[in-house]
Every structure is written in structure tokens, then in C-alpha cells.
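Data block below; observations after.
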Amino acid sequence: MGWHRACATSDLTENAMRTFWVDGTDVLIVRGRDGFYAFPPLCPHEEAELEFGACDGERLICMQHLWQWELQTGAPAGPAEVALTPYPTRVEGDEVQVLIDD
């Protein structure tokens, strides 16, 4: 288990998201209103790529069927039936880091 660099803080503007390769794992990094969040990159419903969805600053939205999750917890919101399991994140200097299980 260890902290790994995912991206620079400047790689994402507010409400933007992108998938990064982090220590051998694809990780979706989302910049919300109050920080950075990390999740698996695929929607648990039909495996749509979440980076092509939307973020309103507080929720992540899959555009395929409009499932939504709370950024802070990964809890379902709206029609989502399954939670997203977030990866722990932290900002060190200008880096966004993610805790990945080895």
C-alpha cells in the first residue's frame, strides 16, 4: 500500500475529470469544488467511461444513464443503485496523490 502521484493539480480545472494511470491502475481523478477525488474509471452499471460524464462540483454523473454519486463519499445519488468506492487522495505541493493497495 502506498501513495502514488496521479497528476499535477494544474492538470484539472474545477469540475473537470480525467483517467490517469497510477501505479498500474486506471484511476479517475475528479476536481470538485472543495478538492480532488479518485474513483475507479468505469460506471458499475454498464461500464461506461466516467471521464466522459460530468461533475457539478459535488456529484459525479455518468452520462450514459445519468447515474450520480457524491464526490466526498462515492454514495449513490439520484438513480444510481451502487456506490463507487473512492480511493484516498491527498495533495502534496502541486501533486495529486492516490493511495493504491499493492
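The values are calculated or read from the model by the stated rules, or taken from the named source; none is laboratory data. Fair warning: this is a prediction, and the values are worked out from it, not measured in the lab. Quick reminder, even Gly has a Cβ in these numbers, built from the backbone with ideal geometry, and neighbours come from all protein chains shown.
Side notes on the structure shown:
- Check on Val22, touching a His at 6+ places or on another chain (Cβ under 7 Å) and under 17 Å from Glu92 (Cα atoms): yes
- Filtered residues of segment 85-102 (kept if at pLDDT 95 or above and not β-branched (Val, Ile, Thr)): Pro86, Tyr87, Pro88, Arg90, Glu92, Gly93, Asp94, Glu95, Gln97, Leu99
- Candidates Leu50, Leu28, Leu84, Leu60 - the one that is of a type in the set (A, V, I, L, M), more than 19 Å from Ile100 (Cβ to Cβ) and under 10 Å from the mean Cα position of the chain (by Cα): Leu60
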